[in-house]
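The values are calculated or read from the model by the stated rules, or taken from the named source; none is laboratory data. Because the structure is a prediction, the values reported are computed rather than measured. Note: ideal-geometry Cβ built from the backbone for every residue, glycine included; neighbour counts use all protein chains shown. For accessibility, only protein heavy atoms count, side chains too; no ligands or nucleic acids. Shrake-Rupley method; radii C 1.70, N 1.55, O 1.52, S 1.80 Å.
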Amino acid sequence: MLDFFVNFFVLLQTSTTRIDNLPNYDIDHILPQAFIKDDSIDNRVLISKEENARKSDRVPLKFFGAKRMGFWKDLLNNGLISNRKFQNLTTDPEKISKYSAKGFIHRQLVETSQVIRLVANILGNEYSKAGTTIIEVSAKMNRQLREDFHLIKNRNVNDYHHAMDAYLTAYVGDYLYLRYPKLRPYFVYGDFKKAEDQDLNIRNFNFLHDLKDNESLDKIVDSETGEIVWEKHESVKQLKKVYHYKFMLVSQEVYTRQDALFNQTIYPASDADKRKLIPIKNNKPVDVYGGYSGNIDAYMAIVRVHGKKEDNYKVVGIPMRAVTKLKKAEKEGHDSYLNAVHEVLEPQFTKKKKNRKTGEITETVDDFDVLLGKVYYRQLIVDGNKKFMLGSSSYQYNAKQLVLSDKAMQVLSKNGKVKSQDENQNMIDVYDEILEKVDQYFELYEINKFRQSLHNRRLEFVDLPVDNQFNGKKLVSVGKRQTLIDILDGLHANATTKKLSGLKIATPFGKMQVPSGISLSSDTQLIYQSPTGLFERQIKLSDL
């Protein structure tokens, strides 16, 4: 077995991190990346540093010749390496057959994802007759561009990675189409059968290799049209420019709910003073018969409550149990619907007052108008510097996207190239950068004093270890890395909240709840977006 570990190619059986910590070994590719982009375990092996330096750019077959063939066959026959790894070990890039070449091309260019194939099929049926070309791009090519040009992807920070992936897909698709016209049957929808009769003389299967590593190519030109396909400095500059956009279009689906009318538990009459109960039936008062709790809203409405000095705008819930009535009113016209909504909402604006002397209870109803009778969940709203979505009549979801510096993205990324001795200070710097962004842009986080809590707990963050500490399987201390991830989740433009146990903040971070209901200013704007976010319509409350 000693021979198994000290020779050039051995099976990778342990984690990359542990192997990287062994000073005498490297992890290297069997077939070089200039030949084919393949970072899978079938193309990676453990190699001694000495042998790695000596082999230069030679592949195993040329470096060892036939003397290692028997050893590799033994590994294959005993199930210690896969057939594909064996093929890689025994391949000479200069002498591959046309059938092997097509296999390499297929692995690099043909997308196997059933979802992508289905989408390509739908788009092809819709647009191919009009002459539109549908190009299928493998996701691993997006990853390759990101790695080559340090376009770090971090899903925790914001949602912009979706837009960047779409941009890179279009970029790669356009590049492949213009750069490799003979290979179009492999990635153009509907053309694959044309590839069967082609005899391609290709010896390099990393089709994006020229974009980064070819020093002699400053410019790549389409031989047919003279169009510039790739201009080294300008093209990289454009990729970086898009990656650093601080604003990209983001839209979220709005919806109404179709759930149970309320919590099905019936609480006794004695609970009527403790909680707000819903009558079992209209003719059964809750202080006698008890009632349901846990009202569920189908959607919301926005009302204007008239005050003595100024009007107040509030978001209120439309109970699920009122939907049938409102649908009937809606068929009769808009005014009829608004009147029905007003009637449904009256109990929420009814106040009871008991006369201390006589014991008589009188009811008064606040004067209010229904401005918008149907407001969906996740409706986008801008009120001053606050940008949020409605999670309910009392919950707000942040709608601002966080943007961090390249250095912060490197620190947060598993692939970030940051020296380990600087890791602790780097994480403190990221925390401070997040604080600065929250202070400047995230006014919504004044709710529950989240902004102040992050400032107050900074020293506690500094004292945390870099990574989570365990005693066996039991978590002893939450580390800086996990705390930053939890903060990013709480800052994300969605409904996610996270308990910051490392900072001892009791309320889940990002839980923007206003128990008394959401109040809005007269300058508040409702943003109605198309599904793509390309089109939007803004309505100001004061104009209603």
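Here are some notes:
- Here the Kirkwood formula puts the hydrodynamic radius of the stretch 26-177 at 18.4 Å, using every distinct Cα pair.
- R0 of 35 Å, Cβ-Cβ distance Asn52-Glu224: FRET efficiency to nearest 0.05: 0.25
- Lys308 paired with Glu436, simple spin-label distance in nm, labels 7 Å along Cα-to-beta-carbon: 4.9 nm
- In the structure shown, the pairs Lys246/Lys387; Lys37/Lys62; Lys49/Lys102; Lys140/Lys437; Lys219/Lys240; Lys246/Lys314 are assessed against 23 Å; a Cα-Cα span above that value is assigned to Lys49/Lys102; Lys140/Lys437; Lys246/Lys314.
- Solvent exposure of the stretch 116-173 as accessible area per residue, Å², 1.4 Å probe: 52 Å²
- Gained length - Ser477 relative to His162, 0.36 nm times residue gap less alpha-carbon distance: 110.1 nm
- Highest average packing first - 332-343, 114-125, 444-455, Cβ atoms within 10 Å: 444-455, 332-343, 114-125
- Simple spin-label estimate for Lys449 and Phe63 in nanometres, 7 Å along Cα-Cβ: 6.2 nm
- For Lys351 and Arg458, the FRET efficiency from 1/(1 + (r/R0)^6), where r spans their Cβ atoms and R0 equals 56 Å, is about 0.80.
- Here, P(r) means the percent of Cα pairs in each 5 Å bin from 0 to the largest distance; for the stretch 36-77 it is 5, 17, 22, 31, 20, 4.
- Placing dummy labels 7 Å off each Cα toward the beta-carbon, the span from Asn125 to Asp174 is 3.0 nm.
- For Tyr313, residues with placed amide H under 5 Å, excluding near neighbours: Val305, Leu520
- Using a probe of 1.4 angstrom and keeping all protein chains present, the accessible surface of the stretch 398-504 works out to 54 square angstrom per residue.
- A Förster radius of 25 Å combined with the Cβ-Cβ distance from Ser542 to Ala506 puts the calculated FRET efficiency at roughly 0.10.
- Packing-based ranking, highest mean first, of 422-430, 240-248, 530-538 given that Cβ atoms within 10 Å are counted: 422-430, 240-248, 530-538
- Unsatisfied cross-links (Cα-Cα over 31 Å) in the set Lys308/Lys352; Lys325/Lys357; Lys309/Lys386: Lys325/Lys357
- Summed over all non-identical Cα pairs, the Kirkwood treatment of the stretch 406-515 gives a radius of 14.5 Å.
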